[in-house]
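Here's the structure, in structure tokens; my notes come after.
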């Protein structure tokens, strides 16, 4: 235990003093903030492309203004203007299109004069202007029509942990942020551990290290220190994520939510049990993957060989992340349920299922038990490989040699 | 392949022990077993009558033959890191790190990454890393390799200082004269087996011949020596006469016979050096 604490604290100090660690946290935080703010930025770019003017029949123009504002930024209304010339669009530099509305008997004619037709969605125009078209066609009063179009829909959640669609969406966004953090942290830190082990081997310092402390303590201390720092990184990153993306408490009103949906979410959608699940599966996933990477790092003789060896190890992590993304949308498909018990994959997939659905408690417990056992087995095997691998120079060991080491 | 077979020796606490042998003899494997890197598949290794476990091992220091340091870590941090690995805490870490920096004249380099240092200075840093925790037993595999004569002398003086502080030293080297100056006991191994061990006097005691040097080496002297049972001449390039005689030969009686026939100005019985004993032992094993 003393060896473990010594290695753990020494490794923490070594990593904390490393510039790479500090820069990594900063770059990650900036990246997460950028990811969250990207939709808003894209929206603002899209808004610039959606600047329009409305012209034509004055009555239609006055009715269409409020309806079109849902999807477009209406710069100016030009009631009474019935002819549009190319120069009208050229003169208005900040306008991407002019919508001309004309009445023709019991119907309405819409002509779009666009600088770039790709920027104006015909379907959204149809949807926005449908109430006016129906009013003209049916002759109903505006109030009657408005009442008829507001079809009451009540949502009743059955076997769902969420009361509303907004809560479910929020949970998915939060789960996505957490899964993404999990993926990035595991990938970055596992490869850092592998590089660190390989560096110790190739720089020949390994012999002094294993003479100073027990190799198992050395390996476990390194991994635990790395996990601790990864948790610190994760807390910082998730904190940044919430800082830039969350609005506390209840979800916003529906109209506001429509416009804010892409960039904000409510923290109330994720329970403390979800967070505990995240912590448990994060730890298991981290230990499983980083231990494997460390063992493989001890087998290389040149740091140049790391990439080739890391490739096969990355595959299950990438697969786990992709299946977890599927699980966010469909948490109860057979593939998702089965893989939520499989070591290396379960830490991602089971966590995704926990956040977006009601997973039976026995399934969570079984998955935890399987993965704890798998983590222990991986640690024992990796410890054996590491102990021998760190002092094995010359040709890379053959699979048969590695197998004999594992069996010994 | 079996690297070491039935090698057995004991080391007195506070003494200095030299492990000798040609390349591939099993010296490094033996040292690695002492410090717990390799586990022997037979036999046992004990320190002060107790089997060596993790706690005891932390009181050992080890300088491997293969040199290695964290290249990007600064000299002071590196030494302190190994101090902490061996259980040192503040303020001992800082004090002892500085003491070794002073001892090995590394002050100029303390804030430089180790990768920027010359090989010799890197080796000095590594020696400091191995000894910063003031180990009870310090195992040094080829510590003089790569050091220039000035730094080799500095290391020799440092090891003498450790010896005076009752640190038990085990070292291997191909520089026999350095080992002869430093070590109290020796063990010569080859092909993984123990060929000879003991103090220099004990090793000499089992030596079966002695060399005598006589000046001037005239014909009469040569005749006397040829009459000694088992004596045979050795090549000499300085005009003196060198003869190897059986170890049990009565040297005073030979001297009396020589003086009777010629005016002998020098008669010297040359004790075999560690180098001689080593070479003969290895040749005998071959």
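Only the coordinates and a few stated rules stand behind these numbers; no lab work does. Owing to the predicted nature of the structure, the values given are computational and were not obtained by experimental measurement. Methodologically, a virtual Cβ is constructed for each residue, glycine included, from the backbone with ideal geometry; neighbour enumeration extends over all protein chains shown.
Beta carbons within 10 angstrom, averaged per residue: use that to sort the peptides B:101-108, B:145-152, A:345-352, highest first.
Top of the packing list down: A:345-352, B:101-108, B:145-152.
Just to be sure I understand: if I project the alpha-carbon convex hull of the protein assembly as shown onto a plane and average over all orientations, what area do I get in nm²? Could you put the intermediate results ahead of the total?
Working: hull surface 185.3 nm².
Quarter of the Cα hull surface area: 46.3 nm².
Any chance you could give the angle, 0 to 90 degrees and rounded to 10, that helix B:119-131 forms with the longest Cα principal axis of chain B?
Rounded to the nearest ten degrees, it is 80.
Normalised by the residues of the stretch B:16-203, what does the relative contact order come to in percent, with Cα pairs under 8 Å and at least six apart?
Normalised by residue count, the contact order of the stretch B:16-203 is 34 percent.
With just the Cα atoms defining each centre, how far is the stretch A:150-218 from the stretch B:237-265? Give it in Å.
Taking the Cα centre of each part, the stretch A:150-218 and the stretch B:237-265 sit 85 Å apart.
Counting partner chain Cβ atoms within 10 Å of every residue's Cβ in A:208-220, what's the average?
6
Of the DSSP beta bridges with both residues in chain A, give the percent that are antiparallel, rounding to the nearest 5.
Beta bridges within chain A, antiparallel portion: roughly 40 percent.
Can you say what percent of the DSSP beta bridges in the stretch A:51-149, counting only those with both residues inside, are antiparallel? Round to 5.
Bridges in the stretch A:51-149 that DSSP calls antiparallel: roughly 40 percent.
If each Cα of chain B is one equal point scatterer, what is log10 of I(q)/I(0) from the Debye formula at q = 0.07, 0.12, 0.16 Å⁻¹?
-0.36, -0.82, -1.18
Could you identify which residue out of A:298, A:190, A:90 has the top mean-square fluctuation in a GNM of chain A using Cα springs shorter than 10 Å?
It is A:90.
Anyone know which of B:267, B:17, B:186 comes out most mobile in the 10 Å Cα GNM of chain B?
Top of the fluctuation ranking is B:267.
Could you check which residue among B:220, B:128, B:46 shows the biggest mean-square fluctuation in a GNM of chain B with a 10 Å Cα cutoff?
Of B:220, B:128, B:46, the most mobile in the Gaussian network model is B:220.
Want the number for residue B:55 to residue B:206: 0.36 nm per residue separation, take away the alpha-carbon distance, what's left?
50.4 nm
Roughly how crowded by other chains is peptide B:67-77, in terms of the mean Cβ count from those chains within 10 Å of each of its Cβ atoms?
4
Need one number: % antiparallel among DSSP beta bridges in chain B, to the nearest 5.
If we restrict to bridges inside chain B, about 60 percent are antiparallel.
Could you tell me which of rounded, prolate or oblate describes the stretch A:51-149, using a ≥ b ≥ c as the square roots of the eigenvalues of the alpha-carbon gyration tensor, with rounded for a/c under 1.5 and, failing that, prolate when a/b is larger than b/c and oblate otherwise?
Numbers: a/c = 2.17, a/b = 1.71, b/c = 1.27.
The shape class here is prolate.
Kindly give the semi-axes, whole Å and largest first, of the ellipsoid equivalent to the stretch B:207-285, taking each as the square root of 5 times a Cα gyration tensor eigenvalue.
Semi-axes, largest first: 23, 13, 10 Å.
May I ask you to derive the relative contact order of chain A, considering only C-alpha pairs under 8 Å and at least 6 residues apart, and to give it as an integer percent?
18 percent
Could you state the number of Å between the C-alpha centres of the stretch A:88-105 and the stretch B:109-135?
Spelled out, the Cα-based centre of one part sits 78 Å from the other.
Give the order of A:16, B:20 when sorted by the count of other beta carbons within 10 angstrom, beginning with the fewest.
Final ranking by Cβ density, sparse to dense: A:16, B:20.
Averaged over its residues, how many other protein chain Cβ atoms are within 10 Å of peptide A:344-356's Cβ atoms?
Partner Cβ neighbours, averaged per residue: 0.
With axes computed from alpha carbons, what is the tilt in degrees of helix A:122-138 against the longest principal axis of chain A, rounded to the nearest 10 within 0 to 90?
For A:122-138 against chain A, the angle is about 30 degrees.
For a protection proxy built on the mean count of beta-carbon atoms within 10 angstrom, sort B:53-66, A:328-341 highest first, please.
For the peptides B:53-66, A:328-341, the packing ranking is B:53-66, A:328-341.
Take peptides A:34-41, B:172-179 and line them up by average Cβ neighbours within 10 Å, highest first, as a rough protection proxy.
B:172-179, A:34-41
With n ≥ 4 as the cut-off for DSSP H runs, can you work out [θ] at 222 nm for the protein assembly as shown, using -39500 (n - 2.57) per run divided by the number of residues, rounded to the nearest 500? Could you put the intermediate results ahead of the total?
On the way: 27 runs with 384 residues, N = 694.
Result for the protein assembly as shown, helices only: -18000 deg cm²/dmol.
Rg and Dmax in Å for the stretch A:285-339, alpha carbons only: what are they?
Calculated on Cα positions, Rg and Dmax stand at 14.7, 45 Å.
Can you put A:282, A:4, B:9 in order of Cβ neighbours within 10 angstrom, beginning with the fewest?
With the sparsest Cβ surroundings first, the list reads B:9, A:4, A:282.
What shape does the stretch A:93-226 have by the C-alpha gyration tensor, where a ≥ b ≥ c are the square roots of the eigenvalues, rounded means a/c under 1.5, and otherwise prolate means a/b greater than b/c and oblate the rest? Working shown, then result.
Numbers: a/c = 9.23, a/b = 2.69, b/c = 3.43.
Since a/c reaches 1.5 but b/c is at least a/b, the shape of the stretch A:93-226 is classed as oblate.
Would you work out the Kirkwood radius for chain A? I mean one over the mean of 1/r across all pairs of different Cα atoms, in Å.
Working: mean 1/r = 0.0392 Å⁻¹.
Mean inverse Cα-Cα distance, inverted, gives 25.5 Å.
What distance in nm separates the two pseudo spin-label positions at residue B:119 and residue A:326, each 7 Å out from Cα along the beta-carbon direction?
The modelled label-to-label distance comes out at 5.7 nm.
What angle do you read, to the nearest 10 degrees and between 0 and 90, between the alpha-carbon axis of helix B:75-85 and the longest principal axis of chain B?
Helix B:75-85 sits at roughly 90 degrees to that axis.
Kindly provide the pair-distance distribution of the stretch B:80-238 built from C-alpha pairs, with 10 Å bins from 0 and whole-percent values in order of increasing distance.
8, 28, 24, 17, 11, 7, 4, 0
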